[in-house]
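Report on the structure given below.
The values are calculated or read from the model by the stated rules, or taken from the named source; none is laboratory data. Predicted model, so just to flag it, every value in this text is computed and none were measured. Methodologically, a virtual Cβ is constructed for each residue, glycine included, from the backbone with ideal geometry; neighbour enumeration extends over all protein chains shown. Please note that ligands, DNA and RNA were not included when accessible areas were found on the heavy atoms of the full protein model with its side chains. Shrake-Rupley method; radii C 1.70, N 1.55, O 1.52, S 1.80 Å.
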Amino acid sequence: GQVIGSTVDLEKVLGQILDVATGLMRSGMGTIMLLDSSKNYLETVADTGLSRTWTHREKVPVKVSLSGVAIRRNEYVMAKDDELAAFELPRAAGGRKIRSALSIPITVNEEPIGVIELYDTAPRSYTDRDITMLMAFGPQAGVAIKNARSFQEERRRRRQAIIVTEVAQAVSETRDQGELLDTIVEKTAAAL
């Protein structure tokens with residue numbers, strides 16, 4: 001929790017969350033998927049042990065995923081073999097079939113923002129202790145993601161403010177219209 005909470009780089013935070021979750025459960029496969037702005041789709045933002053063709057695909061519809069069930073219920077969902085048939089699931093690296101899955105909501109202020117999903121190519125049961133640990137981890141992961149996003153947004157705003165200041169300074173110092181336009185285009189391109 002301390003390592004994840006002290007990191008402000010979103011990509012590193014996501015990787016650390018997945019490393020901790022897969023490590024705790026001794027699982028070689030997992031993903032973190034976050035809800036998009038419509039809350040109808042999940043986007044894979046971190047993964048391990050899964051087929052590249054699945055992880056680089058488009059968004060996963062909430063309504064046809066095990067993750068969607070966990071999000072709607074705001075609680076963990078476990079499924080094995082036949083129970084998984086109704087859901088859209090990834091493929092394990094090497095093409096093997098997923099035979100068990102565990103989906104844990106990632107929450108911020110008790111509102112789901114995504115899921116940590118762990119997979120196994122053999123039917124697997126999780127103990128109450130496993131579930132308790134991962135359910136306690138979901139809100140911690142949510143806070144870490146929220147903090148990293150906030151830091152990223154603040155850094156973006158700061159860069160924009162610096163560029164606006166530089167453009168204003170160039171406007172006040174430049175007498176040549178062509179040079180001024182070049183400066184504005186250069187700073188705008190840098191901002192975007």
Give me the accessible area per residue for the chain, probe 1.4 Å, as a whole number in Å².
58 Å²
Principal semi-axes in Å for the chain [√(5λ), Cα gyration tensor, largest first]
42, 18, 14
Residues whose modelled amide H sits under 5 Å from the amide H of TYR41, counting only those 5 or more places away in sequence or on another chain, are ASP36, VAL62
From phi via Karplus (6.51, -1.76, 1.60), per-residue ³J(HN,Hα) for region 135-145 in Hz, x at Gly/Pro:
5, 6, 6, x, x, 5, 4, x, 5, 4, 5
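Of the heavy-atom accessible surface of region 1-145 (probe 1.4 angstrom), what whole percent is carbon and sulfur? It would help to have the intermediate numbers written out before the result.
Values: 3550 of 7320 Å².
With neighbouring chains kept in place, the figure for region 1-145 is 49 percent.
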Amide H to amide H, which residues 5 or more places from MET29 or on other chains are under 5 Å from it, using H placed in the peptide plane?
TYR119
Using amide H atoms built in the peptide plane, which far-off residues or other-chain residues are under 5 Å from ILE113 H to H?
ILE106, THR107, VAL108
Whole-Hz couplings from phi, Karplus 6.51/-1.76/1.60, listed for region 45-53; x for Gly and Pro:
10, 7, 7, 8, x, 10, 4, 4, 5
Go through THR188, THR165 and list them by solvent-accessible area, largest first, probe radius 1.4 Å.
THR165, THR188
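For region 104-192, run through the trypsin sites (Lys or Arg not before Pro) and keep only the ones in DSSP coil with at most 10 other Cβ atoms within 10 Å of their Cβ. Can you show the working numbers first?
On the way: sites: ARG124, ARG129, LYS146, ARG149, ARG155, ARG156, ARG157, ARG158, ARG159, ARG175, LYS187; in loops: ARG124, ARG175.
When the trypsin sites (Lys or Arg not before Pro) of region 104-192 are filtered for loop state and at most 10 Cβ neighbours within 10 Å, ARG175 remain.
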Along each of the three principal axes of the Cα atoms of region 52-137, give the extent in whole Å, ordering the values from largest to smallest.
37, 30, 21
Output the direction-averaged projected area (hull surface divided by four) of the convex hull of the alpha-carbon atoms of region 17-83, in nm².
5.1 nm²
Derived scalar couplings ³J(HN,Hα) [region 66-77; Karplus, 6.51 cos²θ - 1.76 cosθ + 1.60; whole Hz; x for Gly, Pro]:
4, 4, x, 5, 4, 5, 4, 7, 6, 7, 5, 9
